[in-house]
Ligand SMILES: [Zn+2]
């Protein structure tokens, strides 16, 4: 794989996911603070509903970042055992163009 270093690509992806996680964590904290400062009933307050929506957005972003980190960990494990870059379903090599976009990919396009 000349020109493409999976370890470097995975490290970069892990940094991005960790950064996303930190930013959503901060968002959740500030949203929770805003909720605490509010003495009104969320259920009937338009602003409370907005805060609840923003919080669920941050939650889903955080979950996405967490599962991305899991995928990256698994890809690093495959790298260690020499199984990196092969589809976990059919065992065929995963196209390099796909790995460049999703270095954590565990499956070929057909089995994604
Ligand atoms: Zn496959």
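Since every read-out is calculated from the coordinates, none of them should be taken as a lab result. Please read these numbers as outputs of a predicted model, since none were measured by experiment. Neighbour counts are summed over all protein chains in view; Cβ atoms, including those assigned to glycine, are modelled from backbone coordinates with ideal geometry.
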If you take the square roots of the eigenvalues of the alpha-carbon gyration tensor of the stretch 43-87 and sort them as a ≥ b ≥ c, do you get rounded (a/c under 1.5), prolate (a/b over b/c) or oblate?
prolate
How do 92, 71 rank when sorted from fewest to most other Cβ atoms within 10 Å of their own Cβ?
92, 71
Apply the a/c threshold of 1.5 to the C-alpha gyration tensor of the stretch 6-111 and tell me whether it is rounded, prolate or oblate.
prolate
Using 7 Å Cα-to-Cβ label points, what is the residue 81/residue 8 separation (nm, one decimal)?
2.7 nm
